[in-house]
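Just so it is clear, none of the values below were taken in a lab; they were calculated from the coordinates. Keep in mind that this is a model prediction, so the values were computed, not measured. Glycine gets a Cβ as well: all are built from the backbone with ideal geometry, and neighbour counts include every protein chain shown.
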Amino acid sequence: MLTKYRSFLWLFSVCILGAVFYYQLNSGLRIETNILKLVPQTEADPFAEKAFEKFSDNNFKKVIFAMKSDNETATINSAKALSLSLEQSGLLESLDSHISQDEQEAIGKLYFNHRFHLLSNSDRKTLRQEGNQPFIDATLQMVYSPLSSQLIALLPNDPYLLSYRYLQSVTAINSTHSQRKIVDDITLYSNQSGTYAVVTATLNTSPFDSNSQQKLSSLVTEFQQSKTETEILYTGAIFYAQHAAASAKSEISTIGLGSLIGVIVLLIVAFKSVTPLFLTLTSLGAGIFLGFTMTHAFFGSVHVLTLVFGASLIGVAVDYSFHYFASANETPKPLTKILAAISLGLISSVIGYAALFTTPFPGLQQMALFCATGLIGAFLTVTLLFDQVPTKVNSPNWLLSSFMGLSRISQKLSHPVFLLLLLAAPISAGLLLTTVNGNNDSIRQLQAIPPQLHQQEKTIQQLVAAPATNQFFVVKGNTEQELLNKLHSVTPELSRLIEQGVIDDYTHLAQFVPPLKEQTSNYQLVSNFMDSDSLSDFVDLGLVTHEQLRSLGSEFATSEQEYLTLKPWLQSPLGQRLSYLWLDQIDQQFSSIITLHNIHHIEPLAKLAQNNPNLYFINKVDKVSDMFSEYRELTLIMLSIAITAIFLLLSIKYNTRIAGYIVWGPVVASSLAIIINILINGSFNLFSTLALYLVFGIGIDYGLFYAESKDRSKYISLAIGLSAITTFLSFGLLSLSETPAIHAFGLTMLTGILTVFLLSPILGHQIYRAREPAND
Amino acid sequence: MINKLVRILAILVIAATSTASFSSEEASCDIKQLMQTIQSQPHLQSFEQEKNIKVLANPLKSSGYLLLADQEAVVWQTTKPIKSTTVISPDSFRQYNKKDQLVNMPANANNQTSQLISSTFLSILSGKIEQLNDNFAVNTFCTNSEWHISLTPNNKDILRLLHKVDIKGKQQINQLNFVEANQDITTINFTAIDDHTTKGQLGAFLAD
């Protein structure tokens, strides 16, 4: 193709890409930050997925504080001070631990108004089996106890104290905690390390809002400074999000900037000219631009972690430039010299990414598409644009001699016995992989979790027996009543789980608002004991007058339809505090969750849901972890298939021996990376597996440059050396990251690229030797 | 009326336990000595209780027995007009019906009002008024014939239920007087008795 047309073609392609990007920009660029969007749906039913999303959106806004001082009074005062500053901060939607006098009255009034329809399970059983006598006895026992005269005033309207009894049973739900008490409106929990006051609240913004993170953090710091004698523990998504944001920010600024400066300095030093720097940055920019635009066009959004991982393509894309400029040292037309090598390099990398793209994992697919298209962009820039700009390159001799020195040492090591000894690496890696457990494939790998915050969360969870946020049941119904009926019907099975020690407790809406069917049957049961004969004891003892009895009878008769329904309950202060149980409508279905407290065994819960069509068991973290393990295995298999395909391709192009030497470098490097990862981290996870793709891509490139060079050129060592150094700078530093996934990724790249860099000249000599007889 | 009832209901639901604060008084009427007197009072006593409730035309009268078990537990048995038994110890509160069967009262009762009754009652009857220090102001007053101890709550939760407690005695507690927040008054008079049958019968509840 004529040279001038090539640059037009490049410019034309960039313009088209620009137009596509402009269109995307106008219709709204979407950068996804939710980690859950990166993983495949774990639930077969989209309903369950949506239910989980709705619940976690609610749950993300919760914060819990627990504090302890030298004595109970000081603890209570600290809790009051914190509650006050939280309320005044403007951060809260509601302060959930505090129930005001008015709110308590509202709850009491709601249940009092429906007292004839509400019976606790045990009261219903007693009334059915033993009649009203136990209720009369209990009432009289209370009446004649020394401090109960306040209840006596209730008797004319509620002689069996049904409202009092039901309210007691409702407030007992989730407060079976024997060490819980309320003093001065502050809830106190005791455990072996002392008595803690607990303050819970719901934020009015997303936990990812950086302003709220900042405000809450300074509020807590100020509190700690003003109450030095108070130990304060806290938990909530906002604290984790704040830590993740802060650590990502510092990592991006230190690691990112450091590596960029390194690459720029290296380019200037190695080629003594700014043109290579300018062109290389253009090629990388075009690659990232194409990668981003294509990924956004294909998926409708780009995940922020795709960008982080996807940016790793710089490490591969920059190789094309290095080879171009290294060759430019010895020839005025470097492109013709390197075209075959970089084309084969591109094809092998694209084969690897294509394999990754076939996995049904949105995150992996995005990364694969981003990297493959990005590489194509960088490749096209090198081939279409670079030779349009006259470049005079003169690499310094000291640099060349250093790399040549390395090449000479490699030549000595390049002995078949040594290469055979390297077999130990893949064998050991294989053995280690079969023995190591897969527990590290957790979604938590995607977030930096400071141990201190995690410990505080555990302490608070144990203290207040908070419901599990990642494991729960979801129930749906066509109507609110159908939903309540289903919840009610599953209660015996849930109680059995408590008896079996599977869970400590559970909570669902039907415990607070029984279904109408149940309320009707309660009313009918109570009606058997509302006549004057049944209530004569109260009259005889002077507790209720005849007139009061008559008015009670007429009130009872007129209240037959006074059912307690979901809507007023949800609006009550109690309903507002338990609103997370209610998911409203999802796909035209009323939905609600059953929270589980202190789960001891998971399997019986999953089994219960399997046998009960009304129940969905959501177990997100475990399912994602299982899936990560599954994909780790899948990506390793895909990688093996890709290596085999590349090997076959290279065998056709060269011969099996040369193909073997090209592939052997990355195989040994990957094996060493696996071994080092397992030795340092105790495991090899999905994210390390992803890094292996890059190790392979880059490793194959190195081998190809040797295979494609006509003679033993010192400039190949220069190109490979520079490429390896930039890769270290770009990714090796990632191994210092606090986020486990990025750390694992960086460590794999560091060990993999270092090995492949040291091995490639050794294997390069073998490639030369293998080729020489053929050339002769 | 309903609103008032509802308020009462709410108060009962949130009432929580507390322990008291203590401000001593005249040296001539030393609280520590009074405590020792109470601690050495006879273990078995009979009581007559009268509750004057504003909403009721007539007072509610009841009677029964009280067994103090080494200042650690109290068995309070009402025999008239209906038999019922309550066992209070620092860590438990059990109620038995007229057939001496354990009553499972509303589950939360244990955490709320009854804990208040139990801790206050146990502390008064077993002479451990120091334990009430945090939540009550304690005043003493003595005459030649008897002593008086008056407890005024200074805790918001207790004040919702209880206005004042007066204790009168000589060799033992002779009278307890509770004035509740709504001005209802409960008066309990105690008399020491020595009846092995009753003692054995009440003691059996402690073994449960």
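Summary of computed values
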quantity	calculated
Net dipole in debye of chain A [+1 Lys, Arg Cβ; -1 Asp, Glu Cβ; about Cα centre; nearest 20]	4220 debye
Dipole of the protein assembly as shown, positive end: most advanced residue of A:Gln411, A:Pro467, A:Leu154 [Cβ charges, Cα centre]	A:Gln411
Which of B:Asp195, B:Asp166 has the fewest Cβ neighbours within 10 Å, and the rest in rising order	B:Asp195, B:Asp166
Fully extended contour minus Cα-Cα distance, from A:Ile31 to A:Asp587, at 0.36 nm per residue	197.6 nm
Listed residue (A:Leu566, A:Leu420, A:Ser591) projecting farthest to the positive dipole end of chain A, Cβ model	A:Leu420
Unsatisfied cross-links (Cα-Cα over 28 Å) in the set A:Lys109/A:Lys517; A:Lys567/A:Lys607; A:Lys61/A:Lys227; A:Lys4/A:Lys337; A:Lys54/A:Lys181	A:Lys567/A:Lys607; A:Lys54/A:Lys181
Rounded FRET efficiency, nearest 0.05, which uses the C-beta distance separating A:Asp504 from A:Ser559 and R0 of 35 Å	0.45
Between segment A:383-413 and segment B:138-208, the alpha-carbon center distance in angstrom	99 Å
Residue order, fewest to most surrounding Cβ atoms within 10 angstrom, among B:Glu48, A:Glu93	A:Glu93, B:Glu48
Cut-off 18 Å (backbone N to label point 7 Å along Cα→Cβ of B:Gln171), residues of segment B:44-58	B:44-47
Debye, to nearest 20: dipole size of segment A:683-776, +1 on Lys, Arg Cβ, -1 on Asp, Glu Cβ	160 debye
Peptide-level mean, for B:179-186, of C-beta atoms on other protein chains within 10 Å	3
Summed residue charge, Cβ within 11 Å of A:Tyr654's Cβ, Lys/Arg positive, Asp/Glu negative	+2
Modelled label reach - B:Gln101, point 7 Å along Cα→Cβ, segment A:113-156 residues with backbone N closer than 19 Å	A:120-142
Positive-end extreme of charge dipole, the protein assembly as shown - chosen from A:Pro396, A:Thr479, A:Ile264 (charges on Cβ)	A:Pro396
Length released on extending from A:Ser343 to A:Lys458, taking residue separation times 0.36 nm less the Cα-Cα span	36.0 nm
Rounded tilt (10° steps) of A:362-385 against the dominant C-alpha axis of chain A	30 degrees
Residue order, fewest to most beta carbons within 10 Å, for A:Val350, A:Val318, A:Val475	A:Val350, A:Val318, A:Val475
Per-pair calculated FRET efficiency, R0 = 41 Å: B:Ser92 and A:Gln214 via Cβ, rounded to 0.05	0.25
Percent antiparallel among DSSP beta bridges (both partners in chain A, rounded to 5)	95 percent
0 to 90° range, to nearest 10: angle between helix A:101-113 axis and chain A longest Cα axis	60 degrees
Cβ crowding within 10 Å averaged over residues, with A:459-468, A:204-213, A:415-424 ranked highest first	A:459-468, A:204-213, A:415-424
Angle in degrees between helix A:313-328 and the longest Cα principal axis of chain A, rounded to the nearest 10	10 degrees
Expected 222 nm ellipticity per residue - DSSP helices of 4 or more, -39500 (n - 2.57), all of chain A, to 500	-21500 deg cm²/dmol
Counted charge near A:Glu562, where neighbours are those whose Cβ lies closer than 15 Å (Asp, Glu -1; Lys, Arg +1)	-1
Pairwise centroid distance, computed over Cα atoms, of segment A:478-533 with segment A:91-129, Å	14 Å
Neighbour net charge for A:Leu266 - beta-carbon separation under 14 angstrom, K R +1, D E -1	0
